[in-house]
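Engineer: I'd like to ask some things about the structure below.
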Amino acid sequence: MSQKICIIGLGEIGSATLIDMLKIPKEKKLNFQFSGADINDSTLENIKKTCPGVSCSKSIPLSDIYIILVYTTEQVECVINSIDKSKHPLIIIESTIFPKTVDRLKKLWENKKDFDLALFPHRFNPNDSVHRVFNLNRIVGAIDKKSLDRTLNLYYRGL
């Protein structure tokens, strides 16, 4: 079964995340379809050149999994509020956020429980080809066991 993954925020870390995901061996990807969203036109153009065949736009497409890599806590909250949750998506926050944000997101989640939520803060060493996005030790947290299981299932595929 094909799953759609959207990377939101295609700056330095978001684009590196997308590029590394595209390098995953096909047998581990399980027919993932990748897309990206960003508010910056030049960033979108760069991704279209770097990652041909990946759909990128300013709008957030309907997806099964969203990985958020925007810059500010306010942007993270805005993105989560704008995501279509009709497919009960997994939302993974890789952006750095303020501690109180987790409390607000938990309240949002408790109201409807129409998405799964995980916090998987990125670690990234620019210009370091050995220590990339997915080969560094990281810590993951989730709102509940189902969210954690979905996140680990995704990242253990070789991401």
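Engineer: Examine the stretch 81-103 for a residue that is out of contact with any strand residue (DSSP E or B) (no Cβ under 9 Å at 6 or more places or on another chain), of a type in the set (Asp, Glu) and free of Cβ contacts under 8 Å to residues at least 12 places away in the same chain, and state whether such a residue exists.
Structural biologist: yes
Engineer: Can you name every residue in the stretch 114-150 that is in contact (Cβ under 8 Å) with a residue 40 or more places away in the chain, touching an Asp or Glu at 6+ places or on another chain (Cβ under 7 Å) and not hydroxyl-bearing (Ser, Thr, Tyr)?
Structural biologist: Residues of the stretch 114-150 that are in contact (Cβ under 8 Å) with a residue 40 or more places away in the chain, as a first pass: 122, 124, 126, 132-134, 147, 150.
Next cut, touching an Asp or Glu at 6+ places or on another chain (Cβ under 7 Å) only: 122, 126, 132-134, 147, 150.
HIS122, PRO126, ARG132, VAL133, PHE134, ARG150, listed by residue number.
Engineer: For the stretch 62-83, give me each residue that is under 14 Å from the mean Cα position of the chain (by Cα), outside any loop (DSSP other than H, G, I, E, B) and among the hydrophobic types (A, V, I, L, M, F, W, C). I'd like the intermediate steps shown before the answer.
Structural biologist: Narrowing the stretch 62-83 to residues under 14 Å from the mean Cα position of the chain (by Cα): 62-71, 75-77, 79-80, 83.
Pick out the ones that are also outside any loop (DSSP other than H, G, I, E, B) and you get 65-68, 75-77, 79-80.
Once the filter is applied, which keeps residues that are under 14 Å from the mean Cα position of the chain (by Cα), outside any loop (DSSP other than H, G, I, E, B) and among the hydrophobic types (A, V, I, L, M, F, W, C), the stretch 62-83 yields ILE65, ILE67, ILE68, VAL76, VAL79, ILE80.
Engineer: Something else about it: Output the number of residues of the stretch 66-76 satisfying the condition of being of a type outside the set (Phe, Trp, Tyr) and surrounded by 20 or more Cβ atoms within 10 Å (Cβ to Cβ).
Structural biologist: Of the residues in that region, 5 qualify.
Engineer: Collect the residues in the stretch 100-159 that are among the small types (Gly, Ala, Ser), buried (at least 16 other Cβ atoms within 10 Å of the Cβ) and touching a Lys or Arg at 6+ places or on another chain (Cβ under 9 Å), keeping them in residue-number order.
Structural biologist: Of everything in the stretch 100-159, those that are among the small types (Gly, Ala, Ser), buried (at least 16 other Cβ atoms within 10 Å of the Cβ) and touching a Lys or Arg at 6+ places or on another chain (Cβ under 9 Å) turn out to be ALA118, ALA142.
Engineer: Find the residue count for the stretch 27-56, including only residues that are outside any loop (DSSP other than H, G, I, E, B) and either surrounded by 12 or more Cβ atoms within 10 Å (Cβ to Cβ) or touching a residue at least 60 places away in the same chain (Cβ under 8 Å) (or both). Spell out how you get there, then give the answer.
Structural biologist: Taking the stretch 27-56 and keeping what is outside any loop (DSSP other than H, G, I, E, B), we get 27-29, 33-37, 41-50, 55-56.
Narrowing further to those that are either surrounded by 12 or more Cβ atoms within 10 Å (Cβ to Cβ) or touching a residue at least 60 places away in the same chain (Cβ under 8 Å) (or both): 28-29, 33-37, 43-44, 46-48, 50, 55-56.
Final tally of qualifying residues: 15.
Engineer: Taking PRO89, is it of a type outside the set (D, E, K, R) and loosely packed, with under 12 Cβ neighbours inside 10 Å?
Structural biologist: On the way: of a type outside the set (D, E, K, R): yes; loosely packed, with under 12 Cβ neighbours inside 10 Å: no.
No.
Engineer: Another one. So in the stretch 8-54, with the set limited to residues that are within 21 Å of LEU90 (Cα to Cα), touching a strand residue (DSSP E or B) at 6+ places or on another chain (Cβ under 7 Å) and among the β-branched types (Val, Ile, Thr), which one is modelled with the highest pLDDT?
Structural biologist: The qualifying residue modelled with the highest pLDDT is ILE8.
Engineer: Which of the following residues is under 21 Å from LYS23 (Cβ atoms) and assigned to a loop (DSSP other than H, G, I, E, B): SER129, SER86, SER95, SER59?
Structural biologist: SER129
The values are calculated or read from the model by the stated rules, or taken from the named source; none is laboratory data. Predicted, not measured: the structure shown is a model, and the values here were computed from it. Don't worry about glycine lacking a Cβ; one is built from the backbone with ideal geometry, like all the others, and counts go over all protein chains shown.
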